[in-house]
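Got a structure here, written out as structure tokens. Questions coming.
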Amino acid sequence: VLAVPVLFKQALENTDTEEGKSVSLRCELTKADATVVWKKGEATLQASAKYEMKQKGTVAELVIHNAEPEDA
């Protein structure tokens, strides 16, 4: 059985926000409930008070709370 690769239907877009606010980054995948790993450079982000990961069907979302310049 061949596994169908998971692809992006809608890739991440650049999003601006004010320092101290929350910002949401979303992407849409071709396969529902695919495993998503969020990274900043080489570092894998973990769910915390700052980083909130959500996934519903084919849409994966990362919410960054209390955004800072270092989150760019």
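The values are calculated or read from the model by the stated rules, or taken from the named source; none is laboratory data. These figures come from a predicted structure and were not determined experimentally. Note: accessible area is taken over every heavy atom of the protein model, side chains too, but ligands, DNA and RNA are not part of it. Shrake-Rupley method; radii C 1.70, N 1.55, O 1.52, S 1.80 Å.
From the phi angles alone, apply the Karplus equation (6.51, -1.76, 1.60; θ = phi - 60°) to segment 53-70 and give each ³J(HN,Hα) in whole Hz, x where the residue is Gly or Pro.
Each residue of segment 53-70 in turn: 9, 10, 8, 9, x, 8, 9, 10, 9, 10, 10, 9, 8, 6, 4, 10, x, 5 Hz.
Something else: For segment 8-71, count the residues as N, evaluate 2.2 N^0.38 Å, and divide the Cα radius of gyration by that value, please.
Dividing the Cα radius of gyration by 2.2 N^0.38 Å gives 1.11.
Next up: So what is the accessible area of the chain per residue, in Å², with the probe set to 1.4 Å?
Result: 78 Å² of accessible area for each residue.
I would also like to ask the following. Kindly write out, for segment 4-12 in residue order, the coupling ³J(HN,Hα) from the Karplus curve 6.51 cos²θ - 1.76 cosθ + 1.60 (θ = phi - 60°), rounded to whole Hz, with x marking Gly and Pro.
Per residue, the Karplus-derived 3J(HN,Hα) values read 7, x, 8, 10, 7, 7, 9, 7, 4 Hz.
For the chain, give the percent of accessible area contributed by carbon and sulfur heavy atoms, probe 1.4 Å, rounded to a whole number.
Answer for the chain: carbon and sulfur cover 52 percent of the accessible area.
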